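No lab work stands behind these numbers, since they all come straight from the coordinates. On a predicted model such as this, the values are computed, not experimentally measured, just so you know. In this analysis, Cβ positions are derived from the backbone assuming ideal geometry, glycine residues included, and neighbour counts consider all displayed protein chains.
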Amino acid sequence: MITVAPTGAETAKADAPTLPVTLDELVRASRACAEIGASVVHVHIRDDDARPTLDLGRLRDTVAALRESTDLVVQLSTGGAVTDPEADRLRVLDAQPDAASCTMGTVNFGADVFLNRWEFVVELHRRMREREIVPEYEIFDLGHLAALHRLLDKHGPPYGGHVHCDLVMGVPGGMPGTVQALTAAVQMLPAGATFSATGVGRTTLPVMLASLSAGGHLRVGMEDTLTYGPGEPVRDNAQLVARAAGLARIAQRPPAPVEDVRGLLGIRDRRPARAT
Ligand code: KMH
Ligand code: ZN
């Protein structure tokens, strides 16, 4: 499974001119990535000034547009930007995405703090189950996996019954993007859980190769990676998906078709009927 995270909330358009920030740019980027092997899109949106927003109307329009023009699993970020308040982050679920992120604890995020209080995490998990939205548990540190065990023990399985985690590695303040950290994280996963992994910045390639070797799935995209190689800015999201798909094929683990991914994750099909 390849997830593309095309935009994120922490990069300014001025610093990465090909970052998709309008709805049209996001849809075009998502379509291009779907064509070359992505099956899930992890979505952050921007306002008219390209600043991160959690505006519910825009989120609804985004979900509808992506569903209309792709078969991708539409996963909205409930992480938002480091400055977003909890109430706005919970409201994201009212846009009725297929899936949403659920970060399993607080982590230092460069000079900022990405705050995820226990009660807030429980509320996200509970509301997602109520709304039949599949969570992706975001793991920035090993302690987040201990929190995930606690969550599942105390509050039961997520909607769909399957547990899927995304290891977000190499954030300054979180676990490093190393083989050793990935191996430790995989050993702590709940029984039967699947995982994807992404390494931010220069940890992108080591984490991708380690995840492929360890039986994991991949997340790539300009949310996490803005440099393709030393001194070479990323051209666009499709370039990152193409590299991931190529390495996955070399590892003899080719990109999974989107219908298989929907089945694996237990996604409720909300796609509109399309004229054939
Ligand atoms: N922007 C980060 C602070 C998520 O999408 O759930 C949080 C983040 C995680 O990107
Ligand atoms: Zn995100």
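Multiply the residue separation of Gln187 and Ala251 by 0.36 nm, subtract the distance between their alpha-carbon atoms, and state the gained length in nm to one decimal. Before the final figure, lay out each step's value.
On the way: separation 64, 0.36 × 64 = 23.04 nm, distance 2.14 nm.
Here the segment from Gln187 to Ala251 would lengthen by 20.9 nm.
Given their separation in residues at 0.36 nm each and the Cα-Cα distance between them, Val122 and Asp49 gain 23.0 nm when the chain is fully extended. Overall, the anisotropy analysis places region 133-244 in the prolate class: the square-rooted eigenvalues a ≥ b ≥ c of its C-alpha gyration tensor yield a/c not less than 1.5, with a/b exceeding b/c. Computed from the Cα positions only, the extents of region 151-204 along the three principal axes stand at 36, 18, 17 Å, in decreasing order.
Measuring nothing but alpha carbons in region 1-110 and taking Rh as the Kirkwood radius, the Rg to Rh ratio lands at 0.94. GNM on the chain, alpha-carbon springs under 10 angstrom: the most fluctuating residue among Arg150, Arg31, Arg235 is Arg150. Each 10 Å bin from 0 upward holds the following percent of the Cα-Cα pairs of region 5-44: 31, 55, 14.
For the chain, the calculated P(r), taken from all Cα-Cα distances in 5 Å bins from zero up to the bin holding the longest distance, is 1, 6, 14, 19, 22, 19, 13, 5, 1, 0, 0 percent. What FRET efficiency comes out for the pair Asp153/Ala12, r = Cβ-Cβ distance, R0 = 35 Å, nearest 0.05? With R0 = 35 Å, the Cβ-Cβ based efficiency is 0.30.
Give me the extension gain from Arg58 to Asp260: residue separation times 0.36 nm, minus the current Cα-Cα distance, reported in nm with one decimal. Numbers along the way, then the final one.
Working: separation 202, 0.36 × 202 = 72.72 nm, distance 2.89 nm.
Full extension from Arg58 to Asp260 adds 69.8 nm.
Distance from the Cα centroid of region 212-276 to that of region 52-96 is 20 Å (rounded to whole angstrom).
Only helical runs count toward this figure. For the chain, summing -39,500 (n - 2.57) over DSSP H runs of n ≥ 4 and dividing by all residues gives -11000 deg cm²/dmol at 222 nm. Applying the Karplus relation 6.51 cos²θ - 1.76 cosθ + 1.60 with θ = phi - 60° to region 189-199 yields 3J(HN,Hα) values of 5, x, 4, x, 6, 9, 9, 10, 9, 9, x Hz, where x marks Gly and Pro.
Across region 41-59, the residues whose backbone nitrogen lies under 16 Å from the label position 7 Å along the beta-carbon direction of Thr83 are 45-55. For the chain, DSSP calls about 20 percent of its internal beta bridges antiparallel.
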